[in-house]
Amino acid sequence: MRTTPFLAVAAVALLAGCNSQPSQPQVVDSNPDPLKNVLANAAPIELPPAIKADVTMRCKDNSLLYVVFFEGDKLVNVRTEQGGPITRLTASEAGQPLTAEGGWSLTGDAKNITVAQPGKASQTCRA
């Protein structure tokens, strides 16, 4: 009979210990972030534009161009052969001709373009 009051007191003590809440949240990582200030003062990051269209175009001289148009109409990637090197044509503003070094120039959209390539006359190409 003497064990019953002892068990009751022990049970109450265990329950009281389990339900205690700290007054402050427990700090798990006390190491400060060394780049916190640098990241807070960093300039906003501009994401690359999304692909608008990826088309194969047949030109007037019966050659093929592989053209990737990007959103914003200020960037186009052109390949003269499938899997070949990329020529990146850019414009300062949307609607302006896209150009690259060496004499590249491109105007148009994903259905019809006019392109000038180094060593070739300007020609039209269609998707």
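The values are calculated or read from the model by the stated rules, or taken from the named source; none is laboratory data. Everything numeric in this text was worked out from a predicted model, so none of it was measured. We place every Cβ from the backbone using ideal geometry, glycine too, and count neighbours over all the protein chains shown. Quick note on the areas: whole protein, heavy atoms, side chains included, nothing else; ligands and nucleic acids left out. Shrake-Rupley method; radii C 1.70, N 1.55, O 1.52, S 1.80 Å.
Numbers for the structure displayed
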item: Ala43 being at pLDDT 75 or above, under 23 Å from the mean Cα position of the chain (by Cα) and closer than 16 Å to Ala127 by Cα; result: no
item: Selection within the range 23-60 - closer than 30 Å to Val115 by Cβ and either touching a residue at least 24 places away in the same chain (Cβ under 8 Å) or of a type in the set (Val, Ile, Thr) (or both); result: Pro49, Ile51, Lys52, Ala53, Val55, Thr56, Met57, Arg58, Cys59, Lys60
item: Tally, over the range 57-108, of residues that are under 24 Å from the mean Cα position of the chain (by Cα), open to solvent by 80 Å² or more (accessible area, probe 1.4 Å) and of a type outside the set (Ser, Thr, Tyr); result: 6
item: Residue within the range 75-90 that is part of a strand (DSSP E or B), out of contact with any Leu (no Cβ under 9 Å at 6 or more places or on another chain) and of a type in the set (Val, Ile, Thr) present; result: yes
item: Selection within the range 109-123 - closer than 18 Å to Arg79 by Cβ, surrounded by 12 or more Cβ atoms within 10 Å (Cβ to Cβ) and more than 26 Å from the chain's Cα centre (by Cα); result: Ile113, Thr114, Val115, Ala116, Gln117, Lys120, Gln123
item: Residue that is farthest from Thr90 (Cα to Cα) [pool: residues in the range 39-56 that are of a type in the set (A, V, I, L, M, F, W, C), open to solvent by less than 100 Å² (accessible area, probe 1.4 Å) and part of a loop (DSSP other than H, G, I, E, B)]; result: Ala42
item: Residues that are closer than 15 Å to Ala53 by Cβ and aliphatic (A, V, I, L, M), drawn from the range 95-114; result: Leu98, Leu106, Ala110, Ile113
